[in-house]
Amino acid sequence: MLQLSAQIESVLFIRTEGVKVSFLSKLLSVTDSDIRDALVELSKSLEGRGLKLLKSGDTCMLVTHDSMSDTLSSLFEEEVGGELSPASLQTLSIIAYKGTASRGEISYIRGVDSRMSLRNLTIRGLIEKAGTDTYRRTTDTLRHLGVGRVEELPRWSDIGEALASEVSKRRGE
């Protein structure tokens, strides 16, 4: 079994927002005190590396090291300025037709993990979080797709129904 600090690192790596100590203690079945001790250990182990532990009150998250800000900023600009990848377009289409969709639903429909596409689309403002792991289209989604209303999307009712049916099958409904 991994050390508690390594388990926390894994959880923080996957989460894209801050995580509360109480959430970690419940998830990992340990006390808040154990989590705080492990966070100190994790913070020390990250010294001199590309990531660091950011703590604010009772919330923590992994962030990139300050010294990488210029490099990562240029990478970010390139990512936002370029054209959407086929993976991002697939992900955007699913959300455009469904309205809201969880990361799990999107990954299931696409057959691959969709985290990077969701991140890219969120950064561009084409989708937004609608819950912990759920995303919805924005008004920029429709503008980007060149339509004024959702109903103007090609084969709106057919595709929307097919996506809903596929997700229902997955859930066993």
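No value in this document is a laboratory result; all are computed from the given coordinates. On a predicted model such as this, the values are computed, not experimentally measured, just so you know. We place every Cβ from the backbone using ideal geometry, glycine too, and count neighbours over all the protein chains shown.
General observations
- For the stretch 4-65, the spread of Cα positions along the three principal axes, ordered from largest to smallest, is 29, 21, 20 Å.
- Label-point gap, in nm, between LEU28 and THR122 - each point 7 angstrom along Cα→Cβ: 2.2 nm
- Equivalent-ellipsoid semi-axes of the chain, from the Cα gyration tensor, Å, largest first: 35, 21, 12
- The fewest-to-most ranking of THR132, THR141 by surrounding Cβ atoms within 10 Å reads THR132, THR141.
- Of LYS20/LYS44; LYS52/LYS129; LYS20/LYS169, those spanning more than 31 Å from alpha-carbon to alpha-carbon: LYS20/LYS169
- Rounded to the nearest 500, the 222 nm mean residue ellipticity of the chain from helices alone is -17500 deg cm²/dmol, with -39,500 (n - 2.57) taken per DSSP H run of at least 4 residues.
- Set of lysines near LYS26 by C-alpha distance (under 21 Å), chain-local residues within fewer than 8 positions excluded: LYS55
- Take the Cβ atoms of SER69 and ARG110, set R0 to 30 Å, and the FRET efficiency comes out at 0.40.
- Within the chain, the longest segment free of exposed loop sites, counting trypsin sites (Lys or Arg not before Pro) that fall outside DSSP classes H, G, I, E and B and have at most 11 other Cβ atoms within 10 Å, spans 50-148.
- The label-point distance for SER10 and SER85, in a model that sets each label 7 Å from Cα toward Cβ, rounds to 2.5 nm.
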